[in-house]
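The structure under discussion appears below in the form of structure tokens.
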Amino acid sequence: MITRRFLLAATAALCLISAPALAADTMIIELKDGPVTIELRSDLAPKHVEQIKSLVTSGAYNGVVFHRVINGFMAQTGDVKFGNLEKGGDLASAGMGGSDLPDIAAEFTDKAKFERGVVGMARSSSPDSANSQFFIMFASAPSLDGQYTIIGNVIDGMDRVDNITKGDDAANGSVANPDKMISVKLGTK
């Protein structure tokens, strides 16, 4: 005889089996419209992903603004030195800083392309200057392939990324009243 307790247990087991588990290399960014889940690609860029995870774990990204957002291209954030306006950051300097951690040598790949939802590391003109800033692609940009390090891709919440306040095209995407990463945490299995 099938009991109610058996049915409840079986239903709970099915829910656990069918529910998508977050991988250990997952970063969850809470935006004004809700969470964005990013699968981190340590298989493509182990040193970059390790640095990102260290910054997330330390809470460095919490409150950091999207200082450069170009409609149809990408949204850039991650300047932990100048990008947190609540902790004395300066919007005029946002995008010019990094973190106290060392810069990372490039980890370019030909195994992934800069397409919609891909997350890449920002850098200066030196390929080995990535530190803490990253960007999320709104659309494909083949010109970035092999020129910037790919660290992940959005696996949930791209519609929320699309809603990030866009910057001024005439000012290279500079945002006057920027959105921020309310909180950032690592996912668990």
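The values are calculated or read from the model by the stated rules, or taken from the named source; none is laboratory data. These numbers were taken from a predicted model, which means no experiment stands behind them. Neighbour counts run over all protein chains shown; Cβ positions are idealised from the backbone, glycine included.
Annotations for the structure displayed:
- Qualifying residue in the range 59-66 (condition: within 16 Å of GLY152 (Cβ to Cβ) and among the hydrophobic types (A, V, I, L, M, F, W, C)): no
- Qualifying residue in the range 112-132 (condition: farther than 23 Å from VAL36 by Cα, of a type in the set (Lys, Arg) and touching a Leu at 6+ places or on another chain (Cβ under 9 Å)): no
- Being under 17 Å from the mean Cα position of the chain (by Cα) and at pLDDT below 95 is a condition met by at least one residue of the range 167-189.
- Residue ID - surrounded by the most Cβ atoms within 10 Å (Cβ to Cβ), chosen from residues in the range 178-189 that are charged (D, E, K, R) and in a strand (DSSP E or B): LYS180
- Boolean, SER54 is assigned to a loop (DSSP other than H, G, I, E, B) and either without any contact (Cβ under 8 Å) to a residue 40 or more places away in the chain or at negative phi (or both): no
- Residues of the range 29-41 satisfying the condition of being out of contact with any Gly (no Cβ under 9 Å at 6 or more places or on another chain) and assigned to a loop (DSSP other than H, G, I, E, B): LYS32
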